[in-house]
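Before any comments, here is the structure.
The values are calculated or read from the model by the stated rules, or taken from the named source; none is laboratory data. As the structure is a prediction and not an experimental result, all values here were calculated from the model. Cβ placement follows ideal geometry from the backbone for every residue including glycine, while neighbour counts extend to all protein chains displayed. The area values use the complete protein model at the heavy-atom level, side chains included, leaving out ligands, DNA and RNA. Shrake-Rupley method; radii C 1.70, N 1.55, O 1.52, S 1.80 Å.
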Amino acid sequence: MSENADKRKFPLWVKIVIILSTFPIVMLPVVITNCSVAQYENVKMFLFFYPFYVVASAIMAWISYRQRPDVTAILIILQLLSHVAIWMLPTAI
């Protein structure tokens, strides 16, 4: 099975989806400006680790596609859900 996984092609559309799923990270300054000072103090740890999580998730999705494409899909979905959660964070508290 490893020979088959090594020969599996890495489609261009998967590369594009992984790269596009990391682009919402550029909205982080907007999220931070929408937080009040008290809200920011409560959520600053989440906002600090959010970019690292997004980049690590994209790298893991890229690496795991050849052997486990289903894991790649799960990582991308979790990444998109984390984007939504971070955008909702300033209004939720």
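Can you give me the accessible area per residue for the chain, using a 1.4 Å probe, in Å²? Show your work: numbers first, answer last.
Values: 6490 Å² over 93 residues.
Using a 1.4 Å probe on heavy atoms only, each residue of the chain averages 70 Å².
For the chain, what relative contact order do you get, as a whole percent, if you take Cα pairs closer than 8 Å and at least 6 residues apart?
Values: 60 pairs, mean separation 37.8, N = 93.
Rounded, it is 41 percent for the chain.
Out of 77, 16, 25, any idea which swings most in a Gaussian network model of the chain, alpha carbons joined below 10 Å?
16
Within the range 4-85, which trypsin sites (Lys or Arg not before Pro) sit in a loop by DSSP and count at most 12 neighbouring Cβ atoms inside 10 Å? Write out the running numbers ahead of the final one.
Values: sites: 7, 8, 9, 15, 44, 66; in loops: 8, 9, 66.
Loop-located and lightly packed - 8, 9.
What list of ³J(HN,Hα) couplings, whole Hz, do you get for the range 35-52 from phi and the Karplus terms 6.51, -1.76, 1.60, once you set θ to phi - 60° and write x for glycine and proline?
Per-residue couplings from phi come out as 7, 7, 5, 5, 5, 4, 5, 7, 10, 5, 5, 5, 5, 6, 7, 4, x, 5 Hz.
May I ask for the net charge around residue 69, where only other residues with Cβ less than 13 Å from the Cβ of residue 69 are counted and Lys, Arg are +1 while Asp, Glu are -1? Walk me through the numbers on the way to the answer.
Working: positive: 8, 9, 15, 66, 68; negative: 70.
Spelling it out: positives minus negatives among the neighbours equals +4.
If you split all Cα-Cα distances of the chain into 10 Å bins from zero, what percentages do you get per bin, shortest first?
Using 10 Å bins, I get a P(r) of 16, 41, 24, 13, 5, 1 for the chain.
Run the helix sum for the chain: -39,500 (n - 2.57) per DSSP H stretch of 4+ residues, divided by residue count, reported at 222 nm to the nearest 500 deg cm²/dmol.
My calculation for the chain gives -26000 deg cm²/dmol from helical runs alone.
Report the charge-dipole magnitude of the chain in Debye, nearest 20, computed about the Cα centre from +1 at each Lys and Arg Cβ and -1 at each Asp and Glu Cβ. Mind showing how you got there, number by number?
On the way: 7 positive and 4 negative charges, 62 e Å.
So the dipole magnitude of the chain works out to roughly 300 debye.
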